[in-house]
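Engineer: Submitted below is the structure of interest, expressed as structure tokens.
The values are calculated or read from the model by the stated rules, or taken from the named source; none is laboratory data. Treat the numbers as computed from the prediction; the structure is a model and nothing was measured. The accessibility values were calculated without ligands, DNA or RNA, using every heavy atom of the protein model including side chains. Shrake-Rupley method; radii C 1.70, N 1.55, O 1.52, S 1.80 Å.
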Amino acid sequence: MLSQPNYSQLKQKNLSLAASKNLQQALQYARMIAISKRTTITVAPSRGSVWAHGFIVRQGQLQLKTFQPPGNLQIYWHGFGDRQNKIYILANG
């Protein structure tokens, strides 16, 4: 008898993959804009310092694009310690 994967585990795995693709697309978009406009682009949480609500790509104060996590998936960022909760893409990519 073949066992079937747990549906909730499969769904969670697919949501996680979609979220990672979403972040990858945001970073690629930010890099493309930074290089083409020769300026610094910021990827930051859309609400305060919480990445779980999605993230935005900005040029200074101008919001270029918003990315929302798929489904009700929570995204958490652990990486910069005491530094600002943002990712900067410089003009040289």
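Engineer: Heads up, I need the accessible area for residue 62: 1.4 angstrom probe, whole protein in place, Å², nearest 10.
Structural biologist: My reading of the accessible area for residue 62 is about 100 Å².
Engineer: Could you order 10, 15 so the one with the most accessible surface comes first? Probe is 1.4 Å.
Structural biologist: Per-residue accessible area, sorted high to low, gives 10, 15.
Engineer: Check residue 52: other-chain or 5+ apart residues with amide H under 5 Å from its amide H, H built from backbone geometry?
Structural biologist: Placed amide hydrogens put 75 under 5 Å from residue 52.
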